[in-house]
1. Mind listing the phi-derived Karplus ³J(HN,Hα) values for the stretch A:376-385, rounded to whole Hz, using 6.51, -1.76 and 1.60 with θ = phi - 60°, and x for any glycine or proline?
2. Enumerate the lysines that residue B:92 could reach by cross-link, defined here as Cα to Cα under 27 Å, with residues fewer than 8 away along the same chain left out.
3. Counting only other chains, and only Cβ atoms inside 10 Å, what mean value do you get across the residues of A:47-59?
4. What whole number of Å gives the distance from the Cα centroid of the stretch A:49-120 to the Cα centroid of the stretch B:1-75?
5. Just A:237, A:69, A:183 to compare: in a GNM of chain A, with alpha carbon springs under 10 Å, which one fluctuates most?
6. So which of B:40/B:269; B:146/B:269; A:261/A:317; B:225/B:251 end up more than 23 Å apart by C-alpha?
7. Residues with beta-carbon under 9 Å from that of residue A:387, excluding residue A:387: net charge, scoring Lys, Arg +1 and Asp, Glu -1?
8. Could you pull out the GluC sites (Glu not before Pro) across the stretch B:40-126 that fall in loop regions by DSSP (anything but H, G, I, E, B) with no more than 15 other Cβ atoms inside 10 Å?
Amino acid sequence: MSPLDTPILVTGATGFIGGRVCERLVQAGAKQVKALVHTLQHAPRIGRLPIELRVGNLLDRQSLRAALHEVQIVIHCGLGPRRGIVTATRNMLEAAQNADIRRFIHISSAAVYGLRPPAGVETESAALRTTGNLYADSKLRAERVVARFASRGFPVISLRPAIVYGPYSSWSTRLIGQLRGGHGVLIDAGEGACNTTYVDNLVDAIILALDAPHVLGENFFITDGERITWGDFIRAHVDMMDPRPQLAQISSSQIEAHYRKQPGLITSSLKAVPKLLLSRGNLFQIPIVQQAHERVWETAGAMNKERRDQLRTLRRKLLGMPLLGGPLSSVWRSVAGIEQVTSVSASNGHAPATPVPDRDSWEEQTGAVFFSIEKARRILGYEPRIPFSEGIRRVEAWLRYAEYL
Amino acid sequence: MRGQHLPAAVLHPDVELAALVDAETSRAEKLRAAYGLNCKTTNDYRQLLTEVDAVVNALPNHLHFPVNLAAMQAGVHVLSEKPLAVNATEAKTCCDMAEQNGVTLAVGMSRRFQAGHQLMELLLAREELGKVREYDWESGSAWSWKASSGFYFSREQAGGGVFIDIGVHVLDCLFHWIGPVTRFEYQDDNWGSGIEANAILHTLHDAPHGEVRGRVRLSRTFTLKNRLLVTCEQGTASLDEDSPEEVAIHKRNGRQGLSMTLHPEAAPKGSAFYLQLDNFVQSVRGHATPLVSGRDALAVAEFVEGCYASAKRIPEPWSEIPQLETATGGSR
């Protein structure tokens, strides 16, 4: 029996990859596709499809039990909250194991080797090591959880795509926004390895993994198999635009120098306090408070509704807390005739002539490793069918339809 | 209910709120407490029909019809949220029932009460820019409607997707301003038994002064231009969703053009929902007729049904991919 004739649950179905997986399964004739949906408001794209939407939460094990009813295959594209990636994957694996799932396809990431993978990790046999990046380390730890389940005989496969792009991908929509805003920049002449993975190539690999023999417990890099650089990727988007935006250039040493000048969290927070007192700001403009606040909200998805509501109330109270800044600032400004300080940031106040990429983009765009897809070719029978030139052509057609261009 | 209808009812001096009804009484109770109201709360609307004069029906789409009908059967006036019903047959039954029982049936196409829409209506009716030649209407953004139930993703319960949801507002205005559509081509992105997230409609109106061509594009996934642009003989008029209280016009005058933004001279006070409720109250009292009647909504429902019946798929060339051949030659 073809795996497409069996009930398949797709997690992360309202996301970019999961959404395309659902579409492709329908295109391939699958009749029993179930989509795990956390927030129905995000479901219009998959709501178009003849599939079943099952509301659930990767952090709520009971909802996963219900979502797996009569399911035989799980395609796990879901992430959960940023700080809940590992728990979300563990919950899904446990629920799937209890439900006697026939096969579990785990969408891992080439980021298990960090955002800037070190030389020597071109093949899947390279040892994994944490790098301090939250997303990369979470995907790594999730893969380790997967490996533990596999070692106990659970039928799971991990696919490690790299820079997955295609219609609906934020890589392209964000990039278009940056280019249009005059923030397009090439780091180190754009020579970093991009490891593009066109979304349909990844979905090909997923579909192959549904019943390929001799793949259980294995990891596979999945890319387009071309040596595409970040310069190629960014310039391909520049070429879509009219008028063509300018691209600035920045080197790693310039970026390094910029971040070296930045004060640390404590220093910037201490510096922020006097500025805050002279403004109509709130506590959240102090970097350390802002960071703590972000961390709390990253994990909020794991909390029950009551706790989340309590947090919301607390946040409202903190935001509304009258600071000395209000009255003091108006007096001070009228005396000194200064502009209102609307935000306090960690920057030194001098806008650099060239937009400085954030640290994650810097790392991502300056790697030298091109991952090998030889193992996927050999064992999974994977062959990328959409080359980069065609992938970009499809992205452009979609961006025009969606009115990004 | 909570966001628009209830504040309007609370503010209206001639409305006495008799009860809040919700499938979960606790939700109605919370709302009652939040507004400090002195009214009943219940999960069974039927027990109230002998006690009230009128009902505002803001239930999920598939419940508009049965509740509208039950209310009108009991002689209760109805302000129904749009769509009046999920299909034209049910919408017609509602209109017939209202007429048989002599009750007011108004439909919540609230946009018609917005100042900008009323200005546009006036501009077009008075041919301030000459006769209408064509229009282009785009409305779309990433969807964020928080419904307590998932009815929006059930074809049976919602009646459709973005076209029945937002399209009815657009069609209601177009019919009212320009007249019926005589020819059309409708496309959407429903892949089968799903709910469309995008819809494109090309229209032709045989208006008394000549043909008017139009294009309507709606989306729940993409941010579109979110404006209506009407091209007339002597210029253009545009209505921006971000500025619903004004109309921007550009009038050609020989080689020179004149651009200006129009505001109503004396717009009635209150939100569109308040004005809609006020129009309903005045209609119930016999002092007015509903700005959007059941028959107006029926014309829209019939047109929507015709569009769905003739729907073609929006081409999505980026989605087309040959089936995957496996080693054994089977397609997947």
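Bear in mind these aren't lab numbers, they're just calculated from the coordinates by the rules spelled out. It should be emphasised that the depicted structure is a prediction, and the values quoted were computed from it without experimental measurement. Note that we place each Cβ from the backbone using ideal geometry, even for glycine, and neighbour counts take in every protein chain shown.
1. Once θ is set to phi - 60°, the couplings for the stretch A:376-385 become 5, 4, 6, 9, 8, x, 7, 9, x, 8 Hz.
2. Correct list for residue B:92: B:82, B:312.
3. Other-chain Cβ atoms within 10 Å of each residue's Cβ, averaged: 4.
4. Cα centroid of the stretch B:1-75 versus Cα centroid of the stretch A:49-120: 42 Å apart.
5. It is A:69.
6. B:40/B:269; B:146/B:269; A:261/A:317
7. Neighbour charge sum, excluding residue A:387 itself: -2.
8. B:51
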